[in-house]
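This report refers to the structure that appears directly beneath it.
The values are calculated or read from the model by the stated rules, or taken from the named source; none is laboratory data. Just so it is clear, the structure is predicted and the values come from calculations on it, not from any experiment. Please note: Cβ atoms are built from the backbone with ideal geometry, for glycine as well, and neighbour counts cover all protein chains shown.
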Amino acid sequence: MESSDFEPLVRGGTNEANRRLLASAKDDAAGPGARDTMLAALGVPAVPAHERLAVRLGRAFGRSGGVYLPGALLVVFVGAVTSGAVMLGGSPSKSSEPTVASHATLGAVSVPSDADGNAAAAAAPTSAPVVTPDSLPSAPATSKPMATPAPTDTLGRESARVEAVRAALARNDAARAVTLLDAYDREFSPGAFAIEVSVLRIEALARLGQTERARRLGKQFLAEHRQGAFARRVTATLEALPPE
């Protein structure tokens, strides 16, 4: 059968009887390689099946005025794209994996910078210096401070004794006043109230009747203290004594 015999099939212009006849003729069709075997026996070079298909389609589409040419080209283009996608479908992901792995490996292995080296040196523990007794500086010898005696409230005690003498003279107890004055001289000599104590002693001796002693101490006091309240008190005491 020539390609012209298939033209009604391509155009869809056949009836039921023709389709049955074509279906029954399939059993008598030659095998897939029968044509190539026969041409090889006759010494004629065999033409590949896809080239023969292209020639037949060209003839068929040429006769039909090019109506089906775009459709055929579309079929061929889709087939080529599909075949390429099938052949190359699994390869990109597999080939890209080593690249990603290599980038990850290169990213993991990095050359340490100066800052990293400085940080590592700072983080490294430094050994503490060993201190021995010989390396320590000799401390200067210090002398122990001398113990100072605890301060005593002598002024308060002096004031209390003088106040007691005044009270005794106010009570006209001259003997008690002289006794307290002797104790003051033994404990506080010289004391802070030495001038007033001398005046009180002159007054106490004059009241006891010891006029000679009172007059002698009074003259000594006025020779040293000629002015002031205490000098006036001693002068008044001496004037009150009986004449010699």
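A quick yes/no check of all residues on (1) at pLDDT 95 or above; (2) in contact with a strand residue (DSSP E or B) (Cβ under 7 Å, 6 or more places away or on another chain); (3) in a helix (DSSP H, G or I):
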position: V178; (1), (2), (3): yes, no, yes
position: R186; (1), (2), (3): no, no, yes
position: S198; (1), (2), (3): yes, no, yes
position: R215; (1), (2), (3): yes, no, yes
position: G218; (1), (2), (3): yes, no, yes
position: L222; (1), (2), (3): yes, no, yes
position: Q227; (1), (2), (3): no, no, no
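Identify, from the list A147, A139, A164, A170, the residue that is at pLDDT 95 or above, exposed (fewer than 10 other Cβ atoms within 10 Å of the Cβ) and either more than 30 Å from E244 (Cα to Cα) or out of contact with any helix residue (DSSP H, G or I) (no Cβ under 8 Å at 6 or more places or on another chain) (or both). Steps first, answer last, please.
Details: A147 fails: at pLDDT 95 or above; A139 fails: at pLDDT 95 or above; A164 fails: exposed (fewer than 10 other Cβ atoms within 10 Å of the Cβ).
Within the list A147, A139, A164, A170, the selection yields A170.
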How do the pairs read when you match residues in the range 162-174 that are more than 19 Å from A194 (Cβ to Cβ) and without any contact (Cβ under 8 Å) to a residue 40 or more places away in the chain with residues anywhere that are surrounded by 15 or more Cβ atoms within 10 Å (Cβ to Cβ) and not small (G, A, S), using Cβ under 8 Å and keeping only pairs 6 or more apart or on different chains?
N172/R207; A174/L205; A174/R207
